[in-house]
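The values are calculated or read from the model by the stated rules, or taken from the named source; none is laboratory data. It should be emphasised that the depicted structure is a prediction, and the values quoted were computed from it without experimental measurement. Reconstructed Cβ throughout: ideal geometry from the backbone, glycine too, with neighbour counts over all protein chains shown. Remember, those area values only see protein heavy atoms, side chains included, never the ligands or the DNA or RNA. Shrake-Rupley method; radii C 1.70, N 1.55, O 1.52, S 1.80 Å.
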Amino acid sequence: MAGPGCCSVSAAVREHLRRLGLQDFPCGLGSWNKSRFDARTSPRRGRPGLGTDPAGQEEDVPPGEESPEVLMELLSDQHSPWALPPGCSPQDQQLREMAVLTPKLVRGSNVFQVLRSLRIVGKRVEEVDEGLLQLRRLEELILSANQISRITSANLPRTLKVLELCCNAVADLRDLCAQPPPELQHLGLGYNRLCGPSQDKYLTAAFWPNLVSLDLSFNNFTDLLGLVSQLSSLQKLRILVLQGNPLALIPAYRGFLVDSLPKLSILDDIHIGPDERQQFHGLAKQPELIRSEAQVVVSVGEIKGVPDPSAHQQLEAGSKFPVITYSYCVMYEFAEGEETEDDTSTEVTKIHQSPVVATLDVDSSAQDAGVTKSQQDPAATEEPQAHSAKVFFTPGLPWAATIDCSYRKEHTAKDLVGLKSYLEAGTVVSVVEEKVLSWPVNAEPEESAVTNKKAGQRLKKDSAKSPVPRGKQKEKEKEKKEKEKKEKEKKKKKPCNLRSDPPIRTTLGSGRVTLDALLATEDLVTTVCDFGILSIEQPVQPPSLEEKDRKKGKDKSKKPKAERENQASQKTTAPAKGKKKNKASVEQEEGQELQPVPLTVQFQMQLLRWPAGAGPQSQESVATVVGKTQ
């Protein structure tokens, strides 16, 4: 690595040559090989390099010197202290071999006349300075993974045929295109900050007449029609890489390029065959079909491992209310700026998402009220829109050992730049439990009825004090019982109206799903989110059950010990429904019941391309298929 002060290409080159040790043992000139390159030696030794007879070299080596074979072995042996430093290229090895065999050719500034390929990767280079012009025979320049934001083409050797600037900070091509190398055949600008349409005009044959390969992957080009119109002037272009750009998310992206650039052989590292050309034939003549939007389908399958809520539902003895209902759904995030449609089965809520870590626990009160985080926090509006997302919920379903969501929703994203940022960051998928408490609407009338009943009992006691004929008393009691009976029947027939409290949402499991494969050549991401085994606290038994157990224990203590043991053994060994089970099968079933199941959910995201499902056997053109679908 270069030092902290190394920010230019020429400084990085000098530091790299120093690390190679071209002037130090076993390379270069020194006491270890001086007799071979001394002009005053015999003619047999006066020739540089390996001009002497190989058979007699070992005998002619003077004391204190080493033969070229020994010096070369010191360079090639990986266990040698003089082995090539890590991160060097094959050309670095050739330079060191040259420094052993012909050291004068790589001595001082002569080395700049020898270099044809230069690889400076990950050296924190910020500037391509004029010192690079010393490399007059340079044909290949690789400056990947540096910090270059501006390139002055006047500082590039005119002999360049390959220029690789991948993983830098280039945002403008104006300076590079001022005096571009005329013989350049490959230009690599992947993973930079280029965006259209202002940069499209620099990608024409007027600047790169001999360009054969162009890498623009993972930038921010969005105008597919405008970019293709400029690239069509590059008559020698055969290899093009555009994956990772927002425009590559458009359903007709590949088909439109294949039909618009007939001389292209490879697109996004995939060979273009004649069947594919026939499949997309005619699409270039219908640019009105190209819309700047993407279609993404999200599917959610089965949820497993949710604990049974009935085992933890506790009510007081004799109490019927509140009525507790549980439902389960899956929450996921999708990119902000999509075109949404009314859908009652999906709840949509805006939240602010960090580009690295997303909020897993969603505020239920904000969701119920439809409040966005930007409304709650004014500072959130200052964040770029690409770093925000919407939250979607699948319809709530009751508990089951396997909850089949069977959810499918198609999203249409208008903001392609925001969609790219969303796919790079991934989405957060969560399993959410929704608990609702319901209470009777007529709870107060029931309480008044109870008080009236108590008042009636008091009147009955008071009337019992005064003498009443037995016949009338029996008639009154009979009438009273009939009234109570009728009231009970009315209550049974009359449905109980319930009012529900706001739902209480609990996130049972949450995790991030990586989606960056959709930015490359993949169209489908399928995964099973595993949130692990949930640790649920054991419910406390109601007091009434404990009292029953105590009573049973007292009754059992009165029985003889042999009888109690006999009853206990009968209970444990009694077969269910008259079927006999051996000890092994019972232990196996108990082990299966006790074995916990991890909480998992099936999640899938697909980037739609059209024509969907069209293969090489299809004889219809894309334009025909699109015309039928519209």
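The table below lists the values:
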| quantity | calculated |
| --- | --- |
| Within the stretch 120-237, strands (runs of 3 or more DSSP E) holding 1 or more residues that are open to solvent by less than 20 Å² (accessible area, probe 1.4 Å) and basic (Lys, Arg) | none |
| Residues of the stretch 152-209 classified as of a type in the set (Gly, Ala, Ser) and touching a His at 6+ places or on another chain (Cβ under 7 Å), total | 0 |
| Pairs where the first residue, in the stretch 80-102, is more than 18 Å from Glu15 (Cα to Cα) and the second is open to solvent by 30 Å² or more (accessible area, probe 1.4 Å) and of a type in the set (Ser, Thr, Tyr), C-beta under 9 Å, 6+ apart | Glu97/Ser76 |
| Meets criteria (at pLDDT 95 or above, among the aromatic types (Phe, Trp, Tyr) and in contact with a Gly (Cβ under 7 Å, 6 or more places away or on another chain)) for Phe218 | yes |
| Total residues in the stretch 501-520, condition in contact with a strand residue (DSSP E or B) (Cβ under 7 Å, 6 or more places away or on another chain), touching a residue at least 24 places away in the same chain (Cβ under 8 Å) and open to solvent by less than 80 Å² (accessible area, probe 1.4 Å) | 12 |
| Residue in the stretch 278-288 that is surrounded by 22 or more Cβ atoms within 10 Å (Cβ to Cβ), polar (S, T, N, Q) and either in a helix (DSSP H, G or I) or out of contact with any Lys or Arg (no Cβ under 9 Å at 6 or more places or on another chain) (or both) present | yes |
